Amino acid sequence: MPLRRTAPPPWAIDRRRLLGQRIAHHRRTAGLFQEQLADRVGVERRTIQRYEAGSRDPRYTDLLLIAAALDADLADLVRESPSAPGSP
């Protein structure tokens, strides 16, 4: 996969971290370990760890599978806070 030409802006990195926090929260609420979620999604545990740490952007398909595995609404995982830049 080619590298991004420019670094993402700080607000995008903040949103990625918030997404990771939401995934971790829903995973813990569901009573799952990272390894268990990874097995349900079909990825390595390290991938889930990176998503939750906000150091990697999940692919859309992975987000769908994570939401399904956690019995969570995808919109709840990716929602933006009203004060986020670019929000209406």
Starting from 0.36 nm per residue, how many nanometres of slack lie between ARG59 and ARG17 once their C-alpha separation is accounted for?
13.6 nm
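How big is the chain by the Kirkwood estimate over distinct Cα pairs, in Å?
Over the chain, the inverse of the mean reciprocal pair distance is 13.5 Å.
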Relative contact order of the chain, pairs being alpha-carbon contacts under 8 Å that are 6 or more residues apart, as %:
31 percent
What ³J(HN,Hα) values, in whole Hz, does the Karplus curve 6.51 cos²θ - 1.76 cosθ + 1.60 give for region 6-17 when θ = phi - 60°, with x put for Gly and Pro?
10, 5, x, x, x, 5, 6, 5, 4, 5, 5, 5
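At 1.4 Å probe size, with every protein chain present, just tell me what the per residue accessible area of the chain comes to in Å². Intermediate values should be presented prior to the final figure.
On the way: 6140 Å² over 88 residues.
Per residue, the chain has an accessible area of 70 Å².
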When the helices in the chain are scored as -39500 (n - 2.57) per DSSP H run of 4 or longer and the sum is shared across all residues, what 222 nm value do you end up with, to the nearest 500 deg cm²/dmol?
-17500 deg cm²/dmol
Can you list the HN-Hα couplings for region 26-37, worked out from phi with the Karplus curve (6.51, -1.76, 1.60; θ = phi - 60°), rounded to whole Hz and with x for Gly and Pro?
5, 5, 5, 4, 6, x, 10, 8, 4, 4, 5, 5
Need one value: the accessible area of GLU35 in square angstrom, 1.4 angstrom probe, rounded to the nearest 10.
90 Å²
Using only the alpha-carbon atoms, how far is helix 60-69 inclined from the longest principal axis of the chain? Give it as 0 to 90 degrees, nearest 10.
40 degrees
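The values are calculated or read from the model by the stated rules, or taken from the named source; none is laboratory data. Quick caveat: nothing in here was measured; it's all calculated off a predicted structure. The protein model used for the area step is the full one, side chains on, heavy atoms only, and it has no ligands, DNA or RNA in it. Shrake-Rupley method; radii C 1.70, N 1.55, O 1.52, S 1.80 Å.
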